[in-house]
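Enquirer: This is the structure I have questions about; it appears just below.
The values are calculated or read from the model by the stated rules, or taken from the named source; none is laboratory data. Predicted model, so just to flag it, every value in this text is computed and none were measured. Positions of Cβ are generated from backbone atoms using ideal geometry, with glycine treated the same way; all protein chains shown enter the neighbour counts. With ligands, DNA and RNA removed, areas are computed over all heavy atoms of the protein, side chains included. Shrake-Rupley method; radii C 1.70, N 1.55, O 1.52, S 1.80 Å.
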Amino acid sequence: MKLAMIGFGQAGGKIVDRFLDYDDRTNSGIVRAAIAVNSAKADLIGLENIPQENRVLIGQARVKGHGVGADNELGAEVAEEDIDEVQNAIDQIPTHEVDAFLIVSGMGGGTGSGGAPVLAKHLKRIYTIPVYGLGVLPGTDEGGIYTLNAARSFQTFVREVDNLLVFDNDSWRQTGESVEGGYEQINEEIVRRFGILFGAGEVGDGQEVAESVVDSSEIINTLSGGGVSTVGFASEEVELNSGGGLLSRFTGDASASDDDLDAANTTNRITSLVRKAALGRLTLPCEIEGTERALLVLSGPSEYLNRKGIERGRKWLEEETGSMEVRGGDFPRSEPEVAAAILLSGVTNVPRIKRLQQVAIEAQDNIDDIQSESEENLEELVEDDEDELEPLF
């Protein structure tokens, strides 16, 4: 799948920057064009892979390149005001070669959480190709203002895109990690999961063609209908022996060569991998029952991509989700692992989102109370009932 990726805000820019690095490392060819948009000049300077001419600074008249200070209403305003600046960069993209736009944004800050929905609305008005969002939820330990921003951004963003893929930081931060190290690990996890998903079906010169190809139309059809999506992932390593043959932990037989793979064992291992991916850590934790549409992609050396196992995994996923729209296929790769990536689209039973909205409502009430109390306290501080002073103006 060929994507035009637009990173909006600090988190969005870093993730798109990492996608370009992934593209280069794996030769996957997912990112047809990459743009970073920000109101903070320093964040744009810190990027490594996005071309300089594709870094767009917005809001200079309002915030002078210093960012919007986690004010996502201001982020939305500067995005509206400078949308032509962003469009000028998008105009350089050969959109006839692109399958979809993907707007990537952290939802807790100011520029991305405010500006990404504005850009999505703008793109949908102009282009006929799908416009998807990849939104990253802040951790609950990041504070009330970021939770409030995320709740408001989520509510707006999901309405403006054709589908909103969500990654929840809360589920991925590890105890004792530094902030920088934690985000580095999270960004790599995002890129790995979505890289396999969007990279499926792309075949370069000399590469093997899948038995059951997952192309861009399969992904687009799975994401059609809108709503919220999450991605599951699980992998097991395979190893190369000194003679170039594959030795596999995956088959459970460390002495087996690629000619002696146990088909029944491989089938069972693939089915088990599919279950781990669906029932393990999703990018957005949710109950998978009631999922509207799903897509299963098995990647790895072709010797291990057992069609019977993939079909069994797909049927199991159909039963678990209750969906009649479960697509599946394989994606031969030379990487030393077999991986299952599962896209669950149209999920509705998401306790994390419900909690986010409840906490945001409480935060909003607290902010209103604090502001009201602050105004009263200031009046008490400056007023003197006995000898009232005249103000200068």
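Enquirer: Amide H of VAL104 versus every other amide H placed in the peptide plane: which residues, excluding those fewer than 5 positions away on the same chain, fall under 5 Å?
Expert: Those lying under 5 Å, H to H, from VAL104 are ILE6, GLY7, PHE8, LEU134.
Enquirer: Quickly rank 68-81, 49-62 as a protection proxy: mean count of other C-beta atoms within 10 Å, highest first.
Expert: Sorting 68-81, 49-62 by mean packing, highest first, produces 68-81, 49-62.
Enquirer: What distance in nm separates the two pseudo spin-label positions at GLN60 and TYR127, each 7 Å out from Cα along the beta-carbon direction?
Expert: According to this spin-label approximation, the distance is 2.5 nm.
Enquirer: Using a 1.4 angstrom probe on the protein heavy atoms only, could you order TYR183, TYR22 from most to least accessible area?
Expert: Solvent-accessible surface, decreasing: TYR183, TYR22.
Enquirer: Please give the solvent-accessible surface of LYS315 in Å², to the nearest 10, using a probe radius of 1.4 Å with every protein chain present.
Expert: 110
Enquirer: Ignoring everything but the protein chains, give the 1.4 Å probe accessible area of ILE83 in square angstrom, nearest 10.
Expert: 30
Enquirer: Which sequence of HIS122, HIS96 reflects their accessible areas, 1.4 Å probe, from the largest down?
Expert: HIS96, HIS122
Enquirer: Moving to a separate point now. Taking a point 7 angstrom from the Cα of GLN185 along the C-beta vector, which residues in segment 265-288 have backbone N less than 20 Å away?
Expert: 277, 280-285
Enquirer: Next question. Just subtract the alpha-carbon distance of ASN221 and GLU73 from 0.36 nm times their residue separation and send over the number in nm, one decimal.
Expert: Length gained between ASN221 and GLU73: 50.0 nm.
Enquirer: Once label points are set 7 Å from the Cα along Cα→Cβ at both ARG355 and ARG312, what is their separation, rounded to one decimal in nm?
Expert: According to this spin-label approximation, the distance is 3.5 nm.
Enquirer: Report the local net charge at PRO285: Lys and Arg +1, Asp and Glu -1, summed over other residues whose C-beta lies under 13 Å from its C-beta.
Expert: Residues close to PRO285 contribute a combined charge of +1.
Enquirer: Could you state the number of Å between the C-alpha centres of segment 9-33 and segment 285-316?
Expert: 25
Enquirer: Put a dot 7 Å past each Cα toward the Cβ at GLU289 and GLU337; how far apart are the dots in nm?
Expert: 3.1
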